[in-house]
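Some notes on the structure that comes next.
The values are calculated or read from the model by the stated rules, or taken from the named source; none is laboratory data. What you are looking at is a predicted structure, and each value in this text was computed from that prediction instead of being measured. Cβ atoms come from the backbone with ideal geometry, glycine included; neighbour counts cover every protein chain shown. When the accessible area is computed, the model is the full protein with side chains, heavy atoms only, and any ligands, DNA or RNA have been set aside. Shrake-Rupley method; radii C 1.70, N 1.55, O 1.52, S 1.80 Å.
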4 protein chains.
Amino acid sequence: MSGPVLTYRPTAIGDYAWTFGGAPPVARVVPGTVLELSTEDCFAGRVRGTGDLVSQVVEFPFVNPQTGPFYVDGAEPGDTLAVHFVSIEPSRDWAASTTVPLFGALTSTHATAGLQDALPEVVWIWQLDRQRRLCRFESRFGQYTVDLPMDPMHGTVGVAPANLEARSSLVPDAHGGNMDTPEMRAGVTCYLGVNVDGALFSLGDGHARQGEGETCGVAVECAMDTVVIVDLMKNRPCPWPRLESDTHIMSTGSARPLEDAFRIAQLDLVRWLEEDFGLPSLDAYQLVSQGVESPLANVVDPNYTSVAKFRKQWLPAAAAMDGMHARLREQASAYLATR
Amino acid sequence: MSGPVLTYRPTAIGDYAWTFGGAPPVARVVPGTVLELSTEDCFAGRVRGTGDLVSQVVEFPFVNPQTGPFYVDGAEPGDTLAVHFVSIEPSRDWAASTTVPLFGALTSTHATAGLQDALPEVVWIWQLDRQRRLCRFESRFGQYTVDLPMDPMHGTVGVAPANLEARSSLVPDAHGGNMDTPEMRAGVTCYLGVNVDGALFSLGDGHARQGEGETCGVAVECAMDTVVIVDLMKNRPCPWPRLESDTHIMSTGSARPLEDAFRIAQLDLVRWLEEDFGLPSLDAYQLVSQGVESPLANVVDPNYTSVAKFRKQWLPAAAAMDGMHARLREQASAYLATR
Amino acid sequence: MSGPVLTYRPTAIGDYAWTFGGAPPVARVVPGTVLELSTEDCFAGRVRGTGDLVSQVVEFPFVNPQTGPFYVDGAEPGDTLAVHFVSIEPSRDWAASTTVPLFGALTSTHATAGLQDALPEVVWIWQLDRQRRLCRFESRFGQYTVDLPMDPMHGTVGVAPANLEARSSLVPDAHGGNMDTPEMRAGVTCYLGVNVDGALFSLGDGHARQGEGETCGVAVECAMDTVVIVDLMKNRPCPWPRLESDTHIMSTGSARPLEDAFRIAQLDLVRWLEEDFGLPSLDAYQLVSQGVESPLANVVDPNYTSVAKFRKQWLPAAAAMDGMHARLREQASAYLATR
Amino acid sequence: MSGPVLTYRPTAIGDYAWTFGGAPPVARVVPGTVLELSTEDCFAGRVRGTGDLVSQVVEFPFVNPQTGPFYVDGAEPGDTLAVHFVSIEPSRDWAASTTVPLFGALTSTHATAGLQDALPEVVWIWQLDRQRRLCRFESRFGQYTVDLPMDPMHGTVGVAPANLEARSSLVPDAHGGNMDTPEMRAGVTCYLGVNVDGALFSLGDGHARQGEGETCGVAVECAMDTVVIVDLMKNRPCPWPRLESDTHIMSTGSARPLEDAFRIAQLDLVRWLEEDFGLPSLDAYQLVSQGVESPLANVVDPNYTSVAKFRKQWLPAAAAMDGMHARLREQASAYLATR
């Protein structure tokens, strides 16, 4: 059986949340619920053509709309929420990317402040071939066109933060949020430590694909139809967001400077190997040092995000996070079989 | 005349705010109001002796209590709030400092994550001689005792942040907050850009004195009796907190890594010289480069804070921020004369 | 034809170089020469068992020995040296890894200075099964054993630096050096900008395998038998080391903080797409943003190293670096056929 | 008595050194020698008017010429060289400052790499009134003129580095070098750990004055007539450059990111309080935290430099560095009395 199913499709701008924390829940669900959701792109759908400059069409702070939050029954601080991505599918046959003045890795920004003029503001519209699963890049200043594989993901997934805070949906931190990692794709389970009653989970910021680091600050942004299953692990803390695929476990860290994001993710992975796989601390440090993959997520958001990724086949025989991923994978199969 | 006077002295733990944004105002005041306030120390008064370890007596997230917030009539986004410090006086004849596990500049932290054991947790109680204005350091592990000058200041001063956020009172950012600069002393005016209606100003975290950078993460923490005057500049934005004394103008920046905090403060100072003193941009850059003092504020909080300080006597004849500081200085004199 | 062949196998400690720049050439070669080399491990072969602690057996600064330097005839500043890795094979059936006091990503260091005690110093000896191409991890504090794939690489590859400098072989920078990227494997061509007459190329620091970021600061270190072909591109500058495989072009950046290493590599990749593939600057920025892979190399050395990696199949039909990689690949095949 | 006196005044470009390490000594001196030196400005004297753009008149790498190096008899690794600044006087009645493309704190650089255009290249000529000890700023783009106090200093002071390295004179690190701190003024003693026999001390890069952080990357640069006394402490290591004035002891740290420079300097100060003043480690940490001044030196060079400064009067009765500063102060008085 595949659990209760809730469908939620926001339509008006007022249906979205713009923060993690501080927004009232849109629905209450029990652990094990399948959520059929739609999400708008980070521009709230306002960049539709090459003339739609972000600085003109987007009304700050109404950027990066989140679908949710959902109140998960029984979730309390000290628990961990599991969010399994059953499917992530672009809702439209196009997506948009842009430069944004004083935002991105190869420009001065409001934090890496400077006296130089901002880069020009440019919009690229990418055509999506959803059948062949391709995204088409078209040069704005030349003739070059190329198809890149579609690899849909959610840039923003999170829960309400700790410490009574409400954080903009543009920010990644220990509560998740705008981590912008291409690893957040269908088939993956995301673990998020619960900070407030009900967890208050939401997601958004779909990308048809994204490079590692999100160099210009904006991915191939598109609205998504997404199915997730939410589940709960009681009395199991999770200090930083973790991901699990069929082949890998992954820790994330979000901080500045980037080496701190790296340190957080690598330390969390070492701790995970201690907790769930019984490795002594220094042995885990050694094994991680030789086996880890460290793909960057974003180097542009208010915190940068680094991922530490380890092959399960190289670990002692044990289930990560009490086998949650395998169970959700099964539930997803059951759900997909009946759809 | 010295304006209306409002006295506000919180007594119970529930009287304080723990965030900037997200807390309801405790009072509504008109611009020009004199606020007679009392503030608790960052430990909410719970560290009273060398046996009171932070990890045992402080109940997170109820740390760094703020007195306020105050709703300032007429304050709207795009305005600037001016907060003039008339006086800052320790309420008790002792103050406390501590190490806190995984917090401070000379230890690994939750962000600069590592595998080493935390440093030992230690409390120092400093005796304050308020008459002679001295703070007495007493060695915990040896016999050395020395008196350092008292130089009372507020570590935390701010308004509600932009972008619908609520930030922990431990965080400094563009809204002010936990900047921890020794420059925030009596006689100084602090300028804060308004992000929400009413500004929602609060302050706390009194320090009898503090080194530049707040190396161990904790200053000579004490409860304060503080008098400020709040005033308002309409239609004048202030992107980052600024300070003004009789002799200096000062910009602040709060970010990580520390060079970004430096860049923000230095750029804001250059912009200030352009705006209020008519200097061309590159000339302002050159003059700042040769004349600036750059005392660090904190290198321990979630964002680090850097100050860029420039002597008014080296600037063209013009008043910073429309002469607000001089007017508030006069109002403070009038108030003090009648007290 | 496969070019002249030079065999160079240092035997005594005095045969190695310990810096890039400042060491006299061991041989003079013409462009196109095949170099059959042997390299010692980063410990100069002194860590042979779990009792051989680095702090006791290694004599600083005689660490990370380099084989070379080689003077390449005709190489002048403004040219680019191409180093094609024909083969990299472990010379012994074991390799060593260690923790080193105050070195590594999850400990305070001499730069990220702190008051905590150093982590314990531990040695792991990895058995190498060269036939099955496996490296065996054995727990020092528990019972776990696991085989990881062998993936031999050189941590250190470089030329004499610019600006009259001599840099320790532990340092990566614009001249190459200790970049510690797993991408430096057989089949890859490394491009290095020439800074002094003769280029003065050397290499060392073989790793049987390494995780991305080299978390504990030390890889699976082993002596290597390595064959490279060195060639020369006249009047073609290369500001940062680049790599090319049959499938990808890769730029590197080495700096601190890590985001600067990222920025350097990403910008160099954008410039490379402009130079060799004719993409307009902002189009290149966009395409890189959506297509780049960004595997970390090291987050432990005096500079951190980030790699920006792009699939050739997504680029306009053109040869990177004037087709040098394809030519060297052919020469390597010819050489291997006759060996 | 004031010791032997050596006068050394380089005249031709070939008389200068451009690195620390790797340059042959220009003279051999005994400890206690008074050195009467002249130094050229960082532009090697080639920027003489507002038309002399650095990118056109300076021939890299021949920038930041150093006077020296001097071989100090008896200096060996593990010793500390003491350099007392008797006097630092501008040699000319003008000085120059500039912007330099892709250099400075408020612009992208070769490390903080980006796609924006470089800032305009501008030269400011400052008139020096050596009698009244004033530097006159003249606006290049407006009419403003102002006199700032002259406060002559050396940006670059150092010895040959460890690890067989030679470092460009633009780099500050553990060997000293281009620290660019305004604290390096007459009356101060600088302590430098010796890394090679003879120490190989040199200095240059005089500034008529400089702001803290050297924001635009260039100070008020001028040729200097400088007198120093060099002395030697045997068997006393000094891991990072230290300074001592009549009132303060100061530690320095040079690294990136800036917080690491801060950490190094603060930790060295803590260690200094342990070594010379007998304070227990955590007590020293606490006392430094409340008493330190932390003026930035530079936030523009290949490493950033932070200073940690502590008042001697707040320390236990003991002499820093075995009383070297007091002895050199006396010797300087004796020398000045006879001049």
With θ set to phi - 60° and the Karplus curve 6.51 cos²θ - 1.76 cosθ + 1.60, what are the ³J(HN,Hα) couplings of region B:32-42 in order, to the nearest whole Hz, using x for Gly and Pro? x, 6, 8, 10, 9, 10, 10, 10, 8, 6, 5
Sequence-distant residues sharing a close amide H with B:Leu134 (under 5 Å, placed H): B:Asp129, B:Met150
What angle, in degrees between 0 and 90 and rounded to the nearest 10, separates the Cα long axis of helix D:324-338 from the longest principal axis of the Cα atoms of chain D? 60 degrees
Suppose a student asked you for the relative contact order of chain D, using Cα pairs under 8 Å spaced at least 6 residues apart; what percent would you report? 22 percent
Solvent-accessible area of A:Val63 with every protein chain in place, 1.4 Å probe, in Å² to the nearest 10: 20 Å²
In region D:5-337, carbon and sulfur make up what percent of the accessible area (probe 1.4 Å)? 49 percent
In region C:114-204, which GluC sites (Glu not before Pro) fall in coil by DSSP and have 14 or fewer other Cβ atoms within 10 Å? C:Glu121
Mean projected area (nm²) of the alpha-carbon convex hull when region D:207-339 is viewed from all directions: 9.6 nm²
Any idea how far the Cα center of region B:98-132 sits from the one of region D:26-55, in Å? 45 Å
Column: log10 I(q)/I(0), Debye, Cα scatterers of region D:60-138, q = 0.12, 0.15, 0.16, 0.26 Å⁻¹: -0.69, -0.90, -0.94, -1.23
Just from the alpha-carbon atoms, what are the Rg and Dmax of region D:1-74 in angstroms? 14.8, 48
Remind me, relative contact order of region A:39-90 in percent, using alpha carbon pairs under 8 angstrom and six or more residues apart? 34 percent
May I ask which residue of chain D has the beta-carbon nearest to the axis carrying chain D onto chain A, and at what distance in whole Å? D:Gln116, 2
Rounded to whole Å², per residue accessible area for the protein assembly as shown with a 1.4 Å probe reads 31 Å²
Where in region C:200-223 does accessible area fall by at least 30 Å² between the isolated chain and the complete protein assembly, at a 1.4 Å probe radius? C:Arg209, C:Gly211, C:Glu212, C:Thr215, C:Cys216
Report the residue, chosen from D:Thr99, D:Thr80, D:Thr181, that carries the largest GNM mean-square fluctuation when chain D is represented by alpha-carbon nodes joined by springs under 10 Å. D:Thr99
Taking Cα pairs closer than 8 Å and at least 6 residues apart, the relative contact order of region D:282-338 in percent is 23 percent
What total accessible area, in Å², is buried where chains A and C meet, using a 1.4 Å probe and rounding to the nearest 100? 5100 Å²
Step by step: find N for the protein assembly as shown, compute 2.2 N^0.38 Å, then divide the Cα radius of gyration by it. What's the final number? 0.90
Can you quote the Å³ per residue value for the convex hull of the Cα atoms in chain B, rounded to an integer? 140 Å³
Place the label 7 angstrom along Cα→C-beta at B:Pro77 and in each other copy, then list the distances from the first to the rest in nm, shortest first. 3.0, 5.4, 6.1
Among C:Ile229, C:Ile13, C:Ile249, determine the one that fluctuates most according to a GNM of chain C built with springs between C-alpha atoms less than 10 Å apart. C:Ile13
Check cross-link reach from B:Lys309 to the lysines: straight Cα distance under 19 Å, and skip same-chain residues fewer than eight apart. D:Lys309
Ascending list, in nanometres, of distances separating the A:Gly278 label from those of the other copies (7 Å, Cα toward Cβ): 5.5, 6.2, 7.9
Per the helix-only model, chain A has a calculated mean residue ellipticity at 222 nm (DSSP H runs of ≥4, -39500 (n - 2.57) each, divided over all residues, rounded to the nearest 500) of -4500 deg cm²/dmol
Assuming a viscosity of 1.002 mPa s and a temperature of 20 °C, what translational diffusion coefficient in µm² per second does Stokes-Einstein assign to region C:172-280, Rh being the Kirkwood radius over Cα pairs? 141 µm²/s
Kindly give the distances from D:Ala337 to its copy-mates, label point to label point, with each label point 7 Å from Cα along Cα→Cβ, as nm values to one decimal ordered shortest first. 5.5, 8.8, 10.1
GluC sites (Glu not before Pro), restricted to region D:33-67: which are DSSP loop and have at most 14 other Cβ atoms within 10 Å? D:Glu59
Put simply, what bits of region A:293-307 lose 10 Å² or more of accessible area when the other protein chains are there, versus the chain on its own (1.4 Å probe)? A:Glu293, A:Ser294, A:Leu296, A:Val299, A:Tyr304
Of B:Gly68, B:Gly155, B:Gly78, which is the most mobile in a GNM of chain B whose springs link Cα atoms less than 10 angstrom apart? B:Gly78
